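The values are calculated or read from the model by the stated rules, or taken from the named source; none is laboratory data. Keep in mind that what you see is a predicted model, and the values were worked out from it rather than measured. Every residue, glycine as well, gets a Cβ built from its backbone with ideal geometry; the counts of neighbours run over all protein chains shown. Remember, those area values only see protein heavy atoms, side chains included, never the ligands or the DNA or RNA. Shrake-Rupley method; radii C 1.70, N 1.55, O 1.52, S 1.80 Å.
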Amino acid sequence: MQRNPFETVGIVGLGKMGAAIAAALVKKGTKVVGFDPNLKESPVSGITLVNTIDALSKEAGVVVIAVKPNLVVPVLKEFSKPSTFVSIAAGISFLQISEAAPKGSHSVRVMPNLPLVSERGALAYFCEDSAAQSVERLFYGMGTTIRVAKESLMDVVTGLSGSGPAYVLTFLQAMAEGGLQEGLSYEESLSLAMETIEGTLVYFKSLREEDKNLHPMEVRNWVTSPGGTTIHGLDALERGGFSTAVRDAIKRATERSKELGKG
């Protein structure tokens with residue numbers, strides 16, 4: 001009988017993202033085996049920590065490589081058994097993954113982001129057609145998953161959604177500090193800012209389910225009255241270069257992803 005490739009998923013590297021993927025998999029009932037030479041105990045409840053790459057390879061039908069970019073190729077070369085290898089490293093190309101993996105393996109390049117642990121992740125991947133179904137099954141239930149048509153777009157994904165949570169948290173902190181500056185306590189300000197960001201996105205997403213062509217600016221105009229508080233606040237944002245700064249952040253992060261791929 002052919003083994004179900006999702007009987008067990010192996011994860012090499014249990015840092016923030018590796019642990020987040022492990023936790024999400026455990027949550028949906030997947031057996032997970034982890035390997036991380038820097039850890040004596042697993043940071044995630046419900047997974048089995050093994051001592052060698054070989055032990056992990058014997059157990060897992062799918063292996064997620066969640067180490068730093070410079071370690072992806074050396075780690076893959078430690079495997080001798082073909083498998084489906086899923087790399088989440090920024091800048092490491094599909095060709096690099098394929099050439100380092102054992103002959104007969106399936107290679108996948110994925111860029112997830114941290115919210116996947118709460119089932120709200122934004123993930124994109126590039127692979128051959130034969131591995132696409134496996135990727136979809138692996139990350140099912142962790143958030144929105146898209147398959148990009150060209151590998152070059154993975155660098156853009158890295159700059160946008162991969163790095164995006166840091167941009168959002170920076171905006172959140174700035175909003176909280178703005179309220180603090182004007183007299184609210186930090187906790188009051190942070191609570192209002194968090195609910196404003198989350199509530200706005202949930203509301204906009206519900207509107208988009210009815211009208212896929214709805215643009216964010218259309219909804220923004222609904223709360224922007226002539227001469228009112230919102231238009232004055234928006235004016236201050238644009239005078240500070242807000243929109244340009246966000247676009248530049250994504251551009252620079254995309255460029256850095258490309259730089260990482262060149263070594």
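With respect to the conditions (1) without any contact (Cβ under 8 Å) to a residue 40 or more places away in the chain; (2) in a helix (DSSP H, G or I); (3) surrounded by 11 or more Cβ atoms within 10 Å (Cβ to Cβ), residue 260 lacks only one, and its number is (1). Among residues of region 38-60 that are at pLDDT 95 or above, those with a beta-carbon under 6 Å from a residue that is among the acidic types (Asp, Glu) at least six positions away or on a different chain give the pairs 53/78. Here residue 169 passes the criteria (1) among the aliphatic types (A, V, I, L, M); (2) surrounded by 22 or more Cβ atoms within 10 Å (Cβ to Cβ); (3) under 16 Å from the mean Cα position of the chain (by Cα) except the one numbered (2). Taking the criterion of being open to solvent by 30 Å² or more (accessible area, probe 1.4 Å), touching a helix residue (DSSP H, G or I) at 6+ places or on another chain (Cβ under 8 Å) and hydroxyl-bearing (Ser, Thr, Tyr), would at least one residue in region 119-142 satisfy it? Checked against the condition, which is being open to solvent by 30 Å² or more (accessible area, probe 1.4 Å), touching a helix residue (DSSP H, G or I) at 6+ places or on another chain (Cβ under 8 Å) and hydroxyl-bearing (Ser, Thr, Tyr), region 119-142 yields no hits at all.
Just checking: which of the helices (runs of 4 or more DSSP H) contained wholly in region 1-92 hold 3 or more residues that are out of contact with any Lys or Arg (no Cβ under 8 Å at 6 or more places or on another chain) and not aliphatic (A, V, I, L, M)? Let's see the steps before the verdict.
On the way: elements: 16-27, 53-59, 69-76.
Where helices (runs of 4 or more DSSP H) fall fully within region 1-92 and carry at least 3 residues being out of contact with any Lys or Arg (no Cβ under 8 Å at 6 or more places or on another chain) and not aliphatic (A, V, I, L, M), they are 16-27, 69-76.
Going through region 224-251 one residue at a time, which ones are in contact (Cβ under 8 Å) with a residue 60 or more places away in the chain and hydrophobic (A, V, I, L, M, F, W, C)? Within region 224-251, 246, 249, 250 meet the criteria. Can you give me the number of residues within region 144-159 that are of a type in the set (A, V, I, L, M) and surrounded by fewer than 20 Cβ atoms within 10 Å (Cβ to Cβ)? Qualifying residue count, region 144-159: 4.
Within region 204-223, is there a residue that is touching a residue at least 24 places away in the same chain (Cβ under 8 Å), surrounded by 10 or more Cβ atoms within 10 Å (Cβ to Cβ) and either within 22 Å of residue 153 (Cβ to Cβ) or under 21 Å from the mean Cα position of the chain (by Cα) (or both)? Outline the logic, then answer.
At the first step, the residues of region 204-223 found to be touching a residue at least 24 places away in the same chain (Cβ under 8 Å) are none.
Scanning region 204-223, I find no residue that is touching a residue at least 24 places away in the same chain (Cβ under 8 Å), surrounded by 10 or more Cβ atoms within 10 Å (Cβ to Cβ) and either within 22 Å of residue 153 (Cβ to Cβ) or under 21 Å from the mean Cα position of the chain (by Cα) (or both), so the answer is no.
So is residue 201 without any contact (Cβ under 8 Å) to a residue 40 or more places away in the chain and surrounded by fewer than 17 Cβ atoms within 10 Å (Cβ to Cβ) or not? Yes, satisfied.
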